[in-house]
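Here the structure comes first, spelled out in structure tokens, and everything after it is commentary.
The values are calculated or read from the model by the stated rules, or taken from the named source; none is laboratory data. Remember, predicted model here, so these are calculated numbers, not experimental data. Backbone-built Cβ (ideal geometry, glycine too); neighbour counts: all protein chains shown.
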Amino acid sequence: MFGVRLLHMGDGDVPGPEVYWMSDWDKWYRLAFQAALIQGDGVTALVGTGPAEDLGPMNAQWAGFLGERAAMRRAPGQWMPEQLAALGIAPDDVTHVLLTPLQLYTTSNVPLFGNAQICLTERGWTHFHRTRRHPHDDRWSCLPRDVLRYLTDEAWDRVRLLADEDEVVPGLRTWWAGSHHRASMVVEADTTAGVVTLTDAYFMRRNLDTDHPIGICENIYEALATHERVRRTADIPLTLYDPDQLQNHPDGIVAGTPGVS
């Protein structure tokens, strides 16, 4: 059994139709960008590595698309290495890194984790390398150049391309979701509180509960299928963006005590 803890990486605002397909045109929503720490049974896994120490390049892209309001805001101590250090975890202690989706706010710190198996969907990896023009999966908003070089050279023997249905270790599973990006997946962890799911395929609990796809969705049929499966299998369904989760889970602890199996 695993413990699961949410790590708050920073915040940004996005217009309503990005969160709720063809809806909420006059609203903006706060996204609380989150990663997850999953520990137990000799595993220390991260779902996402958080944005880079320097937010400038990523924010320049976001502000250019949505305006300055969309730029990420990060408080002191929220950079991933700082958060892990506060929990007594060194980068070399991390055994697995699971990347969903491939975006700068999940991939930028991958080279810090020199002992980790780096897990991403084979579909997403193939799409990244075969696609030249895409209105949503822009190449350099997915992987920084230094991270791409790291993955294909120094870290290549630790890169694991996940099948549509896969098991990272016993009790920690993944399945391809699509919906948001070609690299989007759902991570399932068995805990004493039941099955915890983590995904970027929807942004808010309202997306899941009302079957309302996110607006920045590449395939609505995939979104609906993901909603249905998560509702059927998850005891605690989580996204990587919903700010309410941070209020519902004090200190980010979702299930068990991370670090204790």
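List of remarks:
- Selection of the stretch 6-19 for residues being surrounded by fewer than 22 Cβ atoms within 10 Å (Cβ to Cβ) and touching a Pro at 6+ places or on another chain (Cβ under 8 Å) yields 10, 11.
- Which numbered condition residue 171 fails, given (1) out of contact with any Phe, Trp or Tyr (no Cβ under 9 Å at 6 or more places or on another chain); (2) touching a residue at least 24 places away in the same chain (Cβ under 8 Å): (1)
- Every condition in (1) closer than 24 Å to residue 104 by Cβ; (2) in contact with a Cys (Cβ under 9 Å, 6 or more places away or on another chain) is met by residue 241 except one, and the failing one is (2).
Residues are listed down the side, and each one gets a yes or a no for (1) touching a residue at least 40 places away in the same chain (Cβ under 8 Å); (2) touching a Gly at 6+ places or on another chain (Cβ under 8 Å); (3) not charged (D, E, K, R):
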residue	(1), (2), (3)
175	yes, no, yes
179	yes, no, yes
192	yes, yes, yes
197	yes, no, yes
200	yes, no, no
206	yes, no, no
209	no, no, no
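- Residues located in the stretch 241-259, provided they are surrounded by 18 or more Cβ atoms within 10 Å (Cβ to Cβ) and within 14 Å of residue 189 (Cβ to Cβ): 254, 255, 256, 258
- From 110, 94, residue being within 17 Å of the chain's Cα centre (by Cα) and closer than 19 Å to residue 182 by Cβ: 110
- Long-range neighbours under 8 Å by Cβ, at least six apart or interchain, first residue more than 30 Å from residue 38 (Cα to Cα) within the stretch 5-27, second among the aliphatic types (A, V, I, L, M): 15/66; 21/214; 21/220
- Some residue of the stretch 123-131 being among the aromatic types (Phe, Trp, Tyr) and over 19 Å from residue 9 (Cα atoms): yes
- Residue within the stretch 35-50 that is crowded, with 18+ Cβ neighbours inside 10 Å, aliphatic (A, V, I, L, M), in contact with a Gly (Cβ under 7 Å, 6 or more places away or on another chain) and not in a strand (DSSP E or B) present: no
- Screening residue 251 against (1) on the phi > 0 side of the Ramachandran plot; (2) in contact with a helix residue (DSSP H, G or I) (Cβ under 7 Å, 6 or more places away or on another chain) leaves a single unmet condition, (2).
- Subset tally (residues that are within 17 Å of the chain's Cα centre (by Cα) and touching a residue at least 40 places away in the same chain (Cβ under 8 Å)) for the stretch 214-233: 7
- Boolean, residue 66 is within 22 Å of residue 245 (Cα to Cα), touching a strand residue (DSSP E or B) at 6+ places or on another chain (Cβ under 9 Å) and among the hydrophobic types (A, V, I, L, M, F, W, C): no
Quick grid of which residues meet (1) under 27 Å from residue 21 (Cα atoms); (2) surrounded by 20 or more Cβ atoms within 10 Å (Cβ to Cβ); (3) at pLDDT below 95:
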position	(1), (2), (3)
101	yes, yes, no
106	yes, yes, no
118	no, yes, no
133	yes, no, yes
139	yes, no, yes
147	no, yes, no
156	no, no, no
174	yes, yes, no
185	yes, yes, no
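- Residue selected from the stretch 17-34 under the condition assigned to a loop (DSSP other than H, G, I, E, B) and among the aromatic types (Phe, Trp, Tyr), by the criterion farthest from residue 256 (Cα to Cα): 25
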